[in-house]
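To keep things clear, I will list the structure first and then write my remarks on it.
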Amino acid sequence: MSNYYPLNSQQAMEYVDKLGIFPDHSSLVCREIGDGNLNLVFHIKEKSAATGVIIKQALPYARVVGESWPLTLDRARIESEALIVHHCMCPGMVPKVYHYDPGLALTVMEDLSTHIILRKGLMARTAYPLFAKQIGSFLARTLLLTSDIVLDPLEKKNRMIQFSNPEMCKITEDLVFTDPYYDAETNRFNPLLDEEVKKIWGNDKLKYQIAKLKEKFLTHSQALIHGDLHTGSIMVTGNDLKVIDPEFAFYGPMGFDVGALFANLLLSYASQVGHSLSVEERKRKDYQNYLLNTIEQVWLAFEQEFRALWKEQAKEPTAAAKGYVDDYIVRILQDASGFAGCKMLRRVIGLAHVEDLESIEDLESRAKGEKLALGIGQQLVIKGDRIQNIKDITSLVKKVSSDG
């Protein structure tokens, strides 16, 4: 930390210039584009060029809160190394890493200016026909190929040490599994939800299931997971996809990444209700159906590739046991259901919300979408261990929607 200092735009530009990424005497321009909760992000390019490079620098505190919430700078190393691992398994599906500086806790990486954040695309009700197959493949490859099923046991345990990420895990443990379920200082929610939130705080059946999910997050070191795979961590074009921001990566339960993605697609689904005054009913329902179909297609793509990889690359002797892969996959889906529910509840009640819902300015309209999200989230948690196939999840969502 002694050599660390946060860059400004001029310093970021000078830093990249010294790396020799751009030709000598290039006329560079730089702007700070970070809009997330934790980091500085600089976009640097030649004046006449459309794209350049990105510098992402970790701050020693949470940007969304300030210096009162200190954070580890080691998350920059975790992110850089996770991107490198993911690139080996899924070439082209994560930004390329050009340079990592441990002293300044920064990574210089590929510029994705040609892409947009998936959340923004969903808010514009854009359909992405290739997305489900692409992200399903990414999940299958990054999860199975970093697990005990494929890796030598010693290599896997060494990777667990490499990606030990306790401070970032603690954020998830608190904000996803603990704080939303009592009157915590970090909570922030629409005042029109007061009655619903108090019911959640008093729902012992729900909190029992959440306790089991938290235990699984704490103890189930199944694979190298992204740890924060929401629709703001995926960038897309009409035919391409890049997964970004794996600074929460660690060895955890596979279903957490799958569930995080499902949760954010379902938050988009729920937000459509809040936007109903400004959108034709048919268009709203069509897009909700598209989102549910996308969830089904993501899972089917994931399962298909997961099974193929298991058959081709499994080295764990017990992997050949009859019925084992079938049971393994169902357990991932059940975990995904529960984790998705937790993530939905946290995004409505807890500290950091999602733009899908927050962009609805009228509190009553927003509350409609938020109440639907809370209803879906609770059912995904409570009924998660009964899920047997992906249509159980989408049918549950439809039932909650119709009952509401």
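The values are calculated or read from the model by the stated rules, or taken from the named source; none is laboratory data. These figures come from a predicted structure and were not determined experimentally. Please note: Cβ atoms are built from the backbone with ideal geometry, for glycine as well, and neighbour counts cover all protein chains shown. Just so you know, the surface numbers come from the protein's heavy atoms only, side chains and all, with ligands and any DNA or RNA stripped out. Shrake-Rupley method; radii C 1.70, N 1.55, O 1.52, S 1.80 Å.
General remarks:
- Screening the candidates 395, 401, 365, 359 for the property of being in contact with a His (Cβ under 8 Å, 6 or more places away or on another chain) and surrounded by fewer than 21 Cβ atoms within 10 Å (Cβ to Cβ) yields one hit, 365.
- Region 19-41, subset of a type in the set (Gly, Ala, Ser) and open to solvent by 30 Å² or more (accessible area, probe 1.4 Å), residue nearest to residue 228 (Cα to Cα): 36
- Candidates 312, 305, filtered to the one that is part of a helix (DSSP H, G or I), open to solvent by 10 Å² or more (accessible area, probe 1.4 Å) and in contact with a Ser or Thr (Cβ under 6 Å, 6 or more places away or on another chain): 305
- Residue, farthest from the chain's Cα centre (by Cα), within region 119-141, restricted to residues that are of a type in the set (Phe, Trp, Tyr) and open to solvent by less than 20 Å² (accessible area, probe 1.4 Å): 131
- Test: residue in region 278-286 that is small (Gly, Ala, Ser) and at pLDDT 95 or above: no
- The residue of region 325-356 that is surrounded by the fewest Cβ atoms within 10 Å (Cβ to Cβ), among those that are free of Cβ contacts under 8 Å to residues at least 60 places away in the same chain and of a type in the set (A, V, I, L, M), is 330.
- When residue 9 is tested against the conditions (1) surrounded by fewer than 18 Cβ atoms within 10 Å (Cβ to Cβ); (2) under 28 Å from residue 140 (Cβ atoms); (3) among the hydroxyl-bearing types (Ser, Thr, Tyr), the lone failure is (2).
- Residue check, residue 50 open to solvent by 60 Å² or more (accessible area, probe 1.4 Å), among the aliphatic types (A, V, I, L, M) and at pLDDT below 90: yes
- Tallying residues that are in contact (Cβ under 8 Å) with a residue 40 or more places away in the chain, open to solvent by 70 Å² or more (accessible area, probe 1.4 Å) and acidic (Asp, Glu) within region 142-199 yields 2.
- Hits in region 83-103 - residues which are β-branched (Val, Ile, Thr) and either open to solvent by less than 30 Å² (accessible area, probe 1.4 Å) or in contact with a Leu (Cβ under 6 Å, 6 or more places away or on another chain) (or both): 85, 94, 97
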